[in-house]
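Engineer: Dumping the structure here so I can ask a few things about it.
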Amino acid sequence: MILRTSAPSPFGRMVKIAADVLGMTADMSIVSADTNDPNDDLRQQNPLGKIPILLVGDDILYDTRVIFDYFDQLYVEQHDKSILFPGSAMDIIREKTRLARVIGMLDAGILIVYESRFRLENMRVDSFVDYQLAKITRSFADIKAENPLYKNASTPTASDIALACALDHYDYRKQLDWRDHCPSLASWMIDFSNAVTSYKLTLPDDIDPAEWR
Ligand SMILES: N[C@@H](CCC(=O)N[C@@H](CS)C(=O)NCC(=O)O)C(=O)O
């Protein structure tokens with residue numbers, strides 16, 4: 001398997017952590033991709049021009065959720081149980097909904113980054129940024145109401161992995177300070193970081209320090 005991604009991508013990082021948790025890292029090599037480079041063949045691999053992409057033989061898999069489903073399918077075939085999406089059929093659907101929430105929070109965060117990356121300063125639209133921020137803050141309000149505690153030790157679920165990568169992404173790109181919206185996620189991060197080895201190994205190089213990094 002070949003993973004096309006870039007070092008700062010929170011989505012690519014999720015795939016790396018999931019591969020490590022499932023014991024698949026040795027089967028996966030990483031080929032760096034540059035979404036801004038029109039000559040990068042990633043646009044032939046994924047017409048959306050987005051990473052991550054997983055190349056498996058002749059198959060080209062994207063996006064993150066599809067890659068997670070693929071990893072899960074491989075893991076369940078070999079171990080007869082799931083780590084990323086454990087439990088009953090309805091538990092799996094609930095976990096996929098939690099994952100969709102975090103991916104949506106990140107998609108909104110990425111659009112905020114692109115608003116300043118792709119538009120000239122005098123063309124930026126504050127109401128668009130506020131619209132995206134509201135998606136993130138509403139999601140944090142829901143997460144806060146769930147009293148989040150990290151309790152899956154070295155076998156995080158898909159949404160656990162996504163949440164850790166999302167919180168770090170906001171600290172890296174600074175769209176907002178999630179501590180203002182769900183302060184208890186700081187202890188969640190400490191517990192996640194202590195339990196999941198690949199968390200620290202996959203941090204963006206120049207991210208600010210934190211107690212759990
Ligand atoms: N929801 C997608 C989002 C992927 C995504 O937006 N990746 C960013 C990099 S972090 C990207 O490829 N951006 C380039 C673009 O949107 O053209 C997923 O889960 O894979």
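Laboratory data are not the source of any read-out in this text; all were calculated from the coordinates shown. Model, not experiment: these values are computed from the prediction. Cβ coordinates were reconstructed from backbone atoms using ideal geometry, including for glycine residues, and neighbour counts include every protein chain displayed.
Engineer: If you put +1 on each Lys and Arg Cβ and -1 on each Asp and Glu Cβ, how big is the dipole of segment 89-201 around its Cα centre, in Debye rounded to 20?
Structural biologist: Here segment 89-201 has a charge dipole of around 140 debye.
Engineer: With unit charges on the beta carbon (Lys/Arg positive, Asp/Glu negative), name the residue among A153, Q132, C165 whose Cα is farthest towards the positive pole of the charge dipole of segment 75-192.
Structural biologist: Value: Q132.
Engineer: Once amide H atoms are placed 1.01 Å from N in the peptide plane, what residues at a sequence separation of 5 or more from I53, or on another chain, have their amide H within under 5 Å of its amide H?
Structural biologist: Those qualifying (amide H under 5 Å, at least 5 residues apart or on another chain) are R4.
Engineer: Looking at I110, L48, S32, which one has the Cα that reaches farthest to the positive end of the dipole of the chain (charges on Cβ: Lys, Arg +1; Asp, Glu -1)?
Structural biologist: It is I110.
Engineer: What list of ³J(HN,Hα) couplings, whole Hz, do you get for segment 69-74 from phi and the Karplus terms 6.51, -1.76, 1.60, once you set θ to phi - 60° and write x for glycine and proline?
Structural biologist: My calculation for segment 69-74 gives 4, 5, 4, 5, 4, 4 Hz in order.
Engineer: Report the local net charge at R124: Lys and Arg +1, Asp and Glu -1, summed over other residues whose C-beta lies under 12 Å from its C-beta.
Structural biologist: -2
Engineer: Calculate the dipole size of segment 1-74 relative to its Cα centre from +1 charges on Lys and Arg beta carbons and -1 charges on Asp and Glu beta carbons; express the result in debye to the nearest 20.
Structural biologist: Dipole magnitude for segment 1-74 comes out near 220 debye.
Engineer: Charges on Cβ only, +1 for Lys and Arg, -1 for Asp and Glu, centred on the Cα centroid of the chain; of A141, I67, W212, which one is farthest towards the dipole's positive end?
Structural biologist: Highest projection toward the positive end goes to A141.
Engineer: Continuing with the same structure: Please compute one quarter of the surface area of the Cα convex hull for the chain and express it in square nanometres.
Structural biologist: Answer in nm², one decimal: 12.5.
Engineer: Related question: About its Cα centre, how strong a charge dipole does the chain have in debye, to the nearest 20, once Lys and Arg get +1 and Asp and Glu get -1 at the Cβ? If you can, show how the numbers build up before the last one.
Structural biologist: On the way: 23 positive and 32 negative charges, 89 e Å.
Computed charge dipole of the chain: roughly 420 debye.
Engineer: Which FRET efficiency value, to the nearest 0.05, do you get for S32 and A100 by plugging their Cβ-Cβ distance into 1/(1 + (r/R0)^6) with R0 = 35 Å? Working shown, then result.
Structural biologist: Numbers: r = 28 Å, r/R0 = 0.79.
In this case the efficiency is close to 0.80.
Engineer: If packing is taken as the average number of other Cβ atoms within 10 Å across a peptide's residues, how do 98-107, 19-28 rank, most packed first?
Structural biologist: 98-107, 19-28
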